[in-house]
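Colleague: Have a look at the structure that comes next, please.
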Amino acid sequence: MLRELEPEAKANLSPEAYTAAKAAAAVMAMNNVFYRTRHLLSDHEYGTLRAGLRMNVIGNPGVDKVDFEFWSFAVSAINGCGMCLDSHEQVLRKADVSREVVQEAFKIAAVIQGSPRRWTRKRP
């Protein structure tokens with residue numbers, strides 16, 4: 001989660017939702033690198049190997065599953081993981097979320113990614 005958004009997130013989310021949003025960002029950052037790399041490798045045998053990544057929070061995020069899926073979808077959009085985008089989009093659509101609402105999630109992700117504060121902030 002962008003440090004600049006943390007105060008606003010804390011002010012507008014319940015403690016459970018804030019923790020779940022941070023968990024979604026963390027688990028999807030890990031998954032996006034793993035699955036994007038697996039997909040990009042020309043040796044498809046990696047797809048037959050067990051991932052072995054701990055993702056328990058996905059099964060029980062402590063908030064409404066649709067909210068968690070939206071956050072996971074948005075993080076995957078920012079990180080550019082097509083496999084994860086497809087997976088989370090399918091879950092959202094099965095939950096009767098319209099394409100227009102799903103698109104709002106990646107519009108928000110695009111605005112966050114394109115924010116001048118994101119690419120001009122100083123690194124520690």
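Each reported figure results from applying straightforward, stated rules to the coordinates on display, with no laboratory input. Since the model is a prediction, treat every value here as computed from it, not as a measurement. Backbone-built Cβ (ideal geometry, glycine too); neighbour counts: all protein chains shown.
Colleague: Determine, at each q value in 0.12, 0.18, 0.21, 0.22 (inverse angstroms), the log₁₀ of I(q)/I(0) that the Debye formula gives when each Cα of the chain is one equal point scatterer.
Modeller: The calculated log intensity ratios at q = 0.12, 0.18, 0.21, 0.22 Å⁻¹ are -0.48, -1.05, -1.33, -1.40.
Colleague: Quote the FRET efficiency, to the nearest 0.05, computed for GLU16 versus SER98 with a Förster distance R0 of 22 Å and r equal to the Cβ-Cβ distance.
Modeller: Computed FRET efficiency for GLU16 and SER98: 0.25.
Colleague: Oh, and also: Peptides 78-84, 90-96, 19-25: what's the order by average Cβ count within 10 Å, highest mean first?
Modeller: 19-25, 78-84, 90-96
Colleague: Compute the FRET efficiency between ARG38 and ILE58 as 1/(1 + (r/R0)^6), taking r as their Cβ-Cβ distance and R0 = 22 Å, and round to the nearest 0.05.
Modeller: Calculated value: 0.80.
Colleague: Treat each spin label as a single point 7 Å out from the Cα along the C-beta direction, and report the ILE108 to ALA29 distance in nm.
Modeller: 1.9 nm
Colleague: Note down the relative contact order for region 3-120 as a percent, whole number, built from C-alpha pairs under 8 angstrom at least six residues apart.
Modeller: RCO, region 3-120: 28 percent.
Colleague: Related question: Would you mind ranking LEU13, LEU40 so that the residue whose beta carbon has the fewest other beta carbons within 10 Å leads the list?
Modeller: Fewest-to-most Cβ neighbours within 10 Å comes out as LEU40, LEU13.
Colleague: Taking neighbour counts of Cβ atoms within 10 Å as a proxy for exposure, in what order, fewest first, do VAL27, VAL102, VAL66 appear?
Modeller: The fewest-first ordering by Cβ neighbours comes to VAL66, VAL102, VAL27.
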